[in-house]
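Some notes on the structure that comes next.
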Amino acid sequence: MKTLLTEAELRAGVASLGEQIRERYDGRPLTLIAVMTGSLVFLADLIRVLDLPVRVGVIQASSYRGGMKAGELTTATDMLIDVAGHDVLLVDDIFDTGKTLDRLMQIIQDLGAKSVGSAVLLHKQRQHDVSLRPDYVAFEIPDEFVVGYGLDYLDLFRNLPHLAVLDQNDIEAAKEQAES
Ligand code: 5GP
Ligand code: MG
C-alpha cells in the first residue's frame, strides 16, 4: 500500500486544526459530535489538542459501501447527547460527496443547537453533491479511496497509524480476511 499521509503529518495537521478551532470559539464551551465510526481516531487526537471546555458525543451515519462506492445513507441518533442550545461542531473523517455532513448538519439544527459547524480531517478534491462546505479541513487529498487513521475498507485497516491508498493485493487480501 502507498502512504498518503504519515503519522507526523497527521499529527501536525490535527494540531493546526485544533488551533484554528480554539481561536474561533475562544474559551466558549463546545460540543463535539463525532460521526461514527471513521472519525474515532481523529476525534481522540483532536480533543486532546483543543484547549477549550468540550463536551463529546457521537452520531451514527453510514452509506453502506460493501466496498468503495457510497450507497444509501442511514443515520441514527440514539447515542447522541443533548445538543439543544449548544454550540456544536460535527467531526467527520472525510468529506467526499458531502451528503453525510449535509444531512447531519440538518439533524443537529432541527434538534435546536445554537450553532452547528463542521470539521473534517480530509477533503477530497472532486465535485461534491451538495453546496455545503466544511468549516475546518486538515488536508486536501486526491479523489482516491483511503484507509487508516480510523478509516476502513470492509471494517479493516482502521488501526493503521498513517493514511494509505490500497493496492490490488491489499484489496484481495482484505476481501479474504473479511470472508473468513
Ligand atoms: P460523503 O457522504 O461525503 O460522500 O461520505 C462521507 C463518508 O463516506 C465518510 O464519513 C466515510 O465514512 C466514507 N468515505 C468517503 N470516502 C472514503 C474513503 O476514501 N475511504 C473510506 N474508508 N471511507 C470513505
Ligand atoms: Mg463515515
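The values are calculated or read from the model by the stated rules, or taken from the named source; none is laboratory data. Source: prediction; values computed, not measured. With ideal geometry, Cβ positions are generated from the backbone for all residues, glycine too; neighbour counts draw on all protein chains shown. Accessible surface areas use protein heavy atoms only, side chains included; no ligands, DNA or RNA. Shrake-Rupley method; radii C 1.70, N 1.55, O 1.52, S 1.80 Å.
To the nearest 0.05, what FRET efficiency results for residue 144 and residue 56 with a Förster distance of 30 Å applied to their C-beta separation? E between residue 144 and residue 56, to the nearest 0.05, is 0.50.
In square nanometres, what is the average projected area of the Cα convex hull of the stretch 1-91? Kindly include the intermediate steps, with their values, before the conclusion.
On the way: hull surface 29.2 nm².
If you wrap the Cα atoms of the stretch 1-91 in a convex hull and average its projections, you get 7.3 nm².
So for the chain, considering every pair of alpha-carbon atoms, how many percent are separated by more than 22 Å? Above the 22 Å cut-off, the chain has 44 percent of its Cα pairs. Exactly which trypsin sites (Lys or Arg not before Pro) in the stretch 1-89 are in a DSSP loop and have at most 15 other Cβ atoms within 10 Å? Listed in order of number, the matching sites are 65, 69. Listed by chain and number, the aspartates and glutamates placed with their C-alpha closer than 12 angstrom to that of residue 175 are 155; residues fewer than eight positions away on the same chain are left out.
The calculated P(r) of the stretch 82-180, using every Cα pair and 10 Å bins from 0, goes 15, 38, 29, 15, 3 in percent.
Computed per residue of the chain from DSSP H runs no shorter than four, each worth -39500 (n - 2.57), the mean residue ellipticity at 222 nm is -9500 deg cm²/dmol.
Helix 7-25 axis versus longest C-alpha principal axis of the chain: approximately 20°, rounded to the nearest ten. Accessible area of residue 26 (1.4 Å probe, protein heavy atoms only, ligands and nucleic acids ignored): about 120 Å². Across all Cα pairs in the stretch 108-155, the calculated P(r) in 5 Å bins from zero up to the longest distance comes to 5, 15, 20, 23, 17, 12, 8, 0 percent per bin.
Measure nothing fancy, just the Cα-based angle from helix 99-110's long axis to the longest principal axis of the chain, in degrees from 0 to 90, nearest 10. Taking Cα atoms only, the helix is inclined about 20 degrees. Share of the stretch 121-180's accessible area from carbon and sulfur, percent, 1.4 Å? Here carbon and sulfur together make up 43 percent of the probe-accessible area. Which of 89, 52, 151 moves most in a GNM of the chain, Cα contacts under 10 Å? Maximum fluctuation in the GNM of the chain, among the listed residues, is at 52.
Rounded to the nearest 10 degrees, the inclination of helix 40-49 to the longest alpha-carbon principal axis of the chain is 40 degrees. Give me the log10 of I(q) over I(0) for the stretch 4-49 at q = 0.18 Å⁻¹, as the Debye formula computes it from C-alpha points; what are the numbers? For the stretch 4-49, the Cα-only Debye profile gives -0.59.
Note on residue 179 and residue 28: the model spin-label points, each 7 Å out from Cα along the C-beta direction, lie 5.3 nm apart.
Residues of the stretch 1-15 with an amide N closer than 18 Å to a point placed 7 Å from the Cα of residue 156 along the Cα-to-Cβ direction: 1-3.
Using a 7 Å offset from Cα along Cα-Cβ at residue 130, what residues in the stretch 12-44 end up with backbone N under 20 Å from the label point? Under 20 Å, as judged by backbone N against the label point of residue 130, lie 31-40, 42-43 of the stretch 12-44.
With every protein chain kept in place and ligands, DNA and RNA left out, what is the accessible area per residue of the stretch 106-180? Probe 1.4 Å, answer in Å². Before the final figure, lay out each step's value.
Details: 3960 Å² over 75 residues.
Per-residue value: 53 Å².
The lysines whose alpha-carbon is closer than 21 Å to the alpha-carbon of residue 114, local same-chain residues fewer than 8 away aside, do not include any residue.
Can you tell me which of 60, 168, 125 moves the most in a GNM of the chain? Springs connect C-alpha atoms under 10 Å apart. Of 60, 168, 125, the Gaussian network model singles out 168 as fluctuating most. About its Cα centre, the dipole of the stretch 90-180 is roughly 480 debye, where the only charges are +1 on Lys and Arg Cβ and -1 on Asp and Glu Cβ. Taking each of 69/124; 69/99; 2/99 in turn, the alpha-carbon distance tops 20 angstrom for 2/99. Whole-percent P(r), the stretch 47-135, all Cα pairs, 10 Å bins from 0: 15, 49, 30, 6. If you run the Gaussian network model on the chain, springs between alpha carbon atoms under 10 Å, then out of 23, 140, 72 the most flexible one is 72. For the stretch 30-120, with all protein chains in place and a probe radius of 1.4 Å, 50% of the accessible heavy-atom surface sits on carbon or sulfur.
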